[in-house]
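The values are calculated or read from the model by the stated rules, or taken from the named source; none is laboratory data. All figures in this text were calculated on a predicted structure; none of them were measured in a lab. In this analysis, Cβ positions are derived from the backbone assuming ideal geometry, glycine residues included, and neighbour counts consider all displayed protein chains.
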Amino acid sequence: MRYDYIIVGSGLYGSVFAHEAARLGHACLVVERRPHVGGNVYCEMRDGIPVHMYGAHIFHTSSRRVWEYVNQFVDFNGFVNSPVANYRGKLYNLPFNMNTFHEMWGVVTPDEAEAVIARQRESAAAAIKGEPKNLEEQAILLVGTDIYETLIKGYTEKQWGRPCSKLPAFIIRRLPVRLTYDNNYFNDRYQGIPIGKGGEPDGYNSLIGSLLDDEKITVERGVDFLRERGRFEKHLSGGATIIYTGAIDEYFGYDYGELSYRGLRFEMEKIDSENYQGVAAMNFTDTEPAYTRIIEHRHFLRGACESKATWITREYPAEWRRGDEAYYPVNDEENKSLYEKYRELAKKEKNVVFGGRLGEYRYYDMDKVTEQALDTAKSIL
Ligand code: FAD
Ligand code: UDP
């Protein structure tokens, strides 16, 4: 068999690219080192509940192009992410909005909330000169010191394993701040959890399954491309292009040293109850407990679940070491300049395209990854 494309990684990026290439008649080999396809969006059915095995995944986008693209393969169930923060047993709505401000200060009107934030911002502003230089300064400017101390500092330092003053400001800018009573975590126009076209609840698997369902696509699971590269030489010398979605530093044997990543450990538990915490995601914002959030997967189904049991995941941030799954790129200045060095090497690599969260070392959400894969397909196919 002759392949035109060898796609390393069957996550969303690799699967979208493979689908587009196969649609145009190109023969594709997808090489995946995990025992399953889908990368981090993979779900496992447990007691009729799709358990997000690599952390909660909510699809959200403002791109009509991306939304229409994924809707060819799956439907969406209208789930709206409204997580709750738990600080020492007291609960606050997220993202930061009038509900949060009411819970924190008892304020009722937007003007009252704005006045409290402005007072706290002003007393901190003397120490913050010009543009916020790190996550701590950015958070205080956005929501004041009370919310920073209660809902951001502990969570963020657990999540990233370093002080907020040493983290880039953009991480917190992802979260909306609103002076309305609106608990929708995302500002995007479209949002939901996918369900199969036949109503199957394991939507991300249906999405990846449909993307890869083409006679022009062959999938090999449990194969590490970098370790077994020799096996693919005949295709490469025959002119195949590699679409590589693994970690860029790993591809180059860590020649310039390791990029920093944040690891995660997921602890799954079956509980003999139909409703454990009443919400899909509860964030624990103090430094204790050691986990950042508990996900209760059945709530992603919005009641469309017959199971008498429930599955939860406690998500523990972890130091990343070589060989572990790399979940979050740490896009601080030091790592960004190291990435640029790898990027220069990547440009010189003939017939290899680097893409996806790890290939581009970017904190991409699923919609951005889909868009990038579509753009790459459009430009090279
Ligand atoms: P991946 O899904 O990481 O796929 C890469 C694949 O390549 C993996 O399957 C890996 O095994 C394989 N691979 C790597 N190296 C090799 C090799 N040498 N040989 C063979 N195979 C290899 N985004 C959202 O939009 N909404 C969310 O709610 C959301 N929640 C998230 C929660 C967590 C905890 C995390 C970590 C991410 C979350 N994301 C979310 C981001 C989302 O997971 C990514 O945008 C998306 O999955 C990235 O797809 P990808 O194809 O780039 O990478
Ligand atoms: N964050 C926080 N408190 C929370 C939730 C998030 O301080 O309760 C901060 C934290 O720094 C985190 C960032 O906001 O890294 C982005 O959160 P998001 O939920 O977007 O992260 P992800 O789902 O990618 O882990």
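Data for the structure
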| item | result |
| --- | --- |
| The range 146-165 residues that are more than 18 Å from residue 265 (Cβ to Cβ), paired with ones that are within 16 Å of ligand 1 (Cβ to nearest atom) (beta carbon under 6 Å, 6 or more apart) | 164/156 |
| Residue in the range 108-115 that is assigned to a strand (DSSP E or B) and farther than 24 Å from residue 356 by Cα present | no |
| Checking residue 172 against (1) surrounded by fewer than 21 Cβ atoms within 10 Å (Cβ to Cβ); (2) under 20 Å from the mean Cα position of the chain (by Cα), the condition it does not meet | (1) |
| Subset of the range 318-356 (residues that are closer than 28 Å to residue 267 by Cβ and hydrophobic (A, V, I, L, M, F, W, C)) | 318, 320, 326, 330 |
| Count of the range 201-234 residues which are modelled with pLDDT under 95, away from ligand 1 (no atom under 15 Å from the Cβ) and more than 22 Å from residue 369 (Cβ to Cβ) | 3 |
| Failed condition for residue 8, given (1) modelled with pLDDT under 95; (2) within 15 Å of ligand 1 (Cβ to nearest atom) | (1) |
| Qualifying residue in the range 100-115 (condition: among the β-branched types (Val, Ile, Thr), surrounded by fewer than 20 Cβ atoms within 10 Å (Cβ to Cβ) and under 19 Å from residue 285 (Cβ atoms)) | no |
| The range 326-381: number of residues that are within 12 Å of ligand 1 (Cβ to nearest atom) and in a helix (DSSP H, G or I) | 13 |
| Close pairs (6 angstrom Cβ cut-off, 6 or more residues apart or separate chains): touching a residue at least 24 places away in the same chain (Cβ under 8 Å) in the range 118-134, of a type in the set (Ser, Thr, Tyr) and surrounded by 12 or more Cβ atoms within 10 Å (Cβ to Cβ) anywhere | 120/145 |
| Matching option when the condition is of a type in the set (S, T, N, Q), within 11 Å of ligand 1 (Cβ to nearest atom) and closer than 20 Å to residue 204 by Cβ, among 40, 77 | 40 |
| Pairs where the first residue, in the range 344-361, is within 16 Å of ligand 2 (Cβ to nearest atom) and the second is part of a strand (DSSP E or B), C-beta under 6 Å, 6+ apart | 361/329 |
| The range 7-20, residues that are buried (at least 24 other Cβ atoms within 10 Å of the Cβ) and away from ligand 2 (no atom under 16 Å from the Cβ) | 7, 8, 9, 10, 13, 14, 15, 16, 17, 18, 19 |
| Out of 211, 264, sole residue that is within 16 Å of ligand 2 (Cβ to nearest atom) and closer than 19 Å to residue 34 by Cβ | 264 |
| So residue 342, is it of a type in the set (Phe, Trp, Tyr), closer than 26 Å to residue 70 by Cα and touching a helix residue (DSSP H, G or I) at 6+ places or on another chain (Cβ under 8 Å) | no |
| Qualifying positions in the range 150-171 - within 16 Å of ligand 1 (Cβ to nearest atom) and in a helix (DSSP H, G or I) | 155, 156, 158, 159, 160, 170, 171 |
| Positions within the range 73-96 being part of a loop (DSSP other than H, G, I, E, B) and either surrounded by 16 or more Cβ atoms within 10 Å (Cβ to Cβ) or touching a residue at least 40 places away in the same chain (Cβ under 8 Å) (or both), in sequence order | 73, 77, 78, 79, 80, 81, 82, 83, 88, 94, 95 |
| Elements of type helices (runs of 4 or more DSSP H) contained in the range 198-268, each with 3 or more residues being surrounded by fewer than 21 Cβ atoms within 10 Å (Cβ to Cβ) | 233-237 |
| Top-ranked residue of the range 123-137 - restricted to ones that are in a helix (DSSP H, G or I) and either surrounded by fewer than 16 Cβ atoms within 10 Å (Cβ to Cβ) or touching a Leu at 6+ places or on another chain (Cβ under 9 Å) (or both), ranked as modelled with the lowest pLDDT | 125 |
| Residues that are within 11 Å of ligand 1 (Cβ to nearest atom) and touching a strand residue (DSSP E or B) at 6+ places or on another chain (Cβ under 6 Å), drawn from the range 43-54 | 52, 53 |
